[in-house]
Structures are given as structure tokens and as C-alpha cells.
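Trainee: First the structure, then my questions, so here it is.
The values are calculated or read from the model by the stated rules, or taken from the named source; none is laboratory data. Everything quoted here is computed from the prediction, not taken from an experiment. No Cβ is skipped: glycine too gets one built from the backbone with ideal geometry, and neighbour counts run over all protein chains shown.
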Amino acid sequence: MRGYNFFEEYRDDSMLSSSGNVIAVDIGGGPFVQDGGVCFKAVAPSPEHQLPNSPVHMILFNAEYLGMRCRPVSEERAREIHPKLFEYLEALA
């Protein structure tokens, strides 16, 4: 899927246990500063959703979180982990 980088989200800072969710960062618009942090437009699960393959929505996302609780993954791996993310992204196209 063009225009996105995918990041597998982990349950804690040790990144040993996957949350079963993926964050899709929109790289087309680039980063911007908001409230003292570097942000991106992204598609991600709501923080209150703690189950694998959670529903997603478009948000402004703090890039610092990606380094603390996420690892980059391929689109293929992202599709395996989080099918609902791709249902949402495909509906946008």
C-alpha cells in the first residue's frame, strides 16, 4: 500500500509481546510539530482497544511512541497481524 509505513505495536517497552495491532504512518504529508512533539498523520487503534486486530481510525500520532513501543514491519506482515487496518485503508482509497 503506497504512502504508508507500518509499525507493529507492542504491549510494553521491552517489546517482547505484540499487541496484535499495527500503526500505519502516512508518509506523504511528512512530519510536523504539534504540542512540542513531532507528529505524523496515522491510522491506529484507539488506546482503549487492547485486543488484537482492533478497530482503527485516523489520528495525529506522536513519533516518539514509535521508537518506544513499535517496530517497523513489512506490509505483508502488517496484513497478517491487523486485517482490520487494511479494511479501513482500502475503504479510503
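Trainee: Of everything in the range 22-41, what is part of a strand (DSSP E or B), more than 15 Å from GLU75 (Cβ to Cβ) and in contact (Cβ under 8 Å) with a residue 12 or more places away in the chain? Give them in sequence order. Give the derivation first.
Mentor: Keep residues of the range 22-41 that are part of a strand (DSSP E or B), which gives 22-26, 32-34, 37-41.
Remaining after also requiring more than 15 Å from GLU75 (Cβ to Cβ): 32-34, 37-41.
Of everything in the range 22-41, those that are part of a strand (DSSP E or B), more than 15 Å from GLU75 (Cβ to Cβ) and in contact (Cβ under 8 Å) with a residue 12 or more places away in the chain turn out to be GLN34, GLY37, VAL38, CYS39, PHE40, LYS41.
Trainee: Among (1) surrounded by 11 or more Cβ atoms within 10 Å (Cβ to Cβ); (2) touching a residue at least 40 places away in the same chain (Cβ under 8 Å), there is one condition ASP12 misses while meeting the rest; what is its number?
Mentor: (1)
Trainee: A follow-up question, please. So which residues in the range 80-91 are under 14 Å from TYR4 (Cα atoms) and under 12 Å from the mean Cα position of the chain (by Cα), if there are any at all?
Mentor: LEU85, PHE86, LEU89
Trainee: Can you tell me which condition GLU48 does not meet? The list is (1) among the acidic types (Asp, Glu); (2) modelled with pLDDT under 95; (3) assigned to a helix (DSSP H, G or I), and all the others hold.
Mentor: Of everything listed in (1) among the acidic types (Asp, Glu); (2) modelled with pLDDT under 95; (3) assigned to a helix (DSSP H, G or I), GLU48 misses just condition (3).
Trainee: Does LEU60 qualify as being surrounded by 14 or more Cβ atoms within 10 Å (Cβ to Cβ), of a type outside the set (Phe, Trp, Tyr) and either modelled with pLDDT under 95 or assigned to a strand (DSSP E or B) (or both)?
Mentor: On the way: surrounded by 14 or more Cβ atoms within 10 Å (Cβ to Cβ): no; of a type outside the set (Phe, Trp, Tyr): yes; either modelled with pLDDT under 95 or assigned to a strand (DSSP E or B) (or both): yes.
Against the criterion (surrounded by 14 or more Cβ atoms within 10 Å (Cβ to Cβ), of a type outside the set (Phe, Trp, Tyr) and either modelled with pLDDT under 95 or assigned to a strand (DSSP E or B) (or both)), LEU60 does not qualify.
Trainee: For VAL22, state whether it is modelled with pLDDT under 95, in contact with a helix residue (DSSP H, G or I) (Cβ under 6 Å, 6 or more places away or on another chain) and not hydroxyl-bearing (Ser, Thr, Tyr). Show your work before the answer.
Mentor: Details: modelled with pLDDT under 95: no; in contact with a helix residue (DSSP H, G or I) (Cβ under 6 Å, 6 or more places away or on another chain): yes; not hydroxyl-bearing (Ser, Thr, Tyr): yes.
Spelling it out, it is not the case that VAL22 is modelled with pLDDT under 95, in contact with a helix residue (DSSP H, G or I) (Cβ under 6 Å, 6 or more places away or on another chain) and not hydroxyl-bearing (Ser, Thr, Tyr).
Trainee: Another question, if that's okay. Output the number of residues of the range 34-93 satisfying the condition of being among the small types (Gly, Ala, Ser) and in contact with a His (Cβ under 7 Å, 6 or more places away or on another chain). If you could, list the steps in order and put the result at the bottom.
Mentor: So in the range 34-93, the residues among the small types (Gly, Ala, Ser) come out as 36-37, 42, 44, 46, 54, 63, 67, 74, 78, 91, 93.
Then drop every residue that is not in contact with a His (Cβ under 7 Å, 6 or more places away or on another chain), which leaves 46.
Residues flagged as among the small types (Gly, Ala, Ser) and in contact with a His (Cβ under 7 Å, 6 or more places away or on another chain) within the range 34-93 amount to 1.
Trainee: Within the range 69-80, can you find the residues that are within 22 Å of ASP12 (Cβ to Cβ), touching a Phe, Trp or Tyr at 6+ places or on another chain (Cβ under 9 Å) and part of a helix (DSSP H, G or I)? So that I can check it myself, show each step before the final result.
Mentor: Of all residues in the range 69-80, those within 22 Å of ASP12 (Cβ to Cβ) come to 69-73, 77-78, 80.
From the residues that got through so far, the ones that are touching a Phe, Trp or Tyr at 6+ places or on another chain (Cβ under 9 Å) too are 69-73, 77-78.
Across the range 69-80, the qualifying residues are ARG69, ARG77, ALA78.
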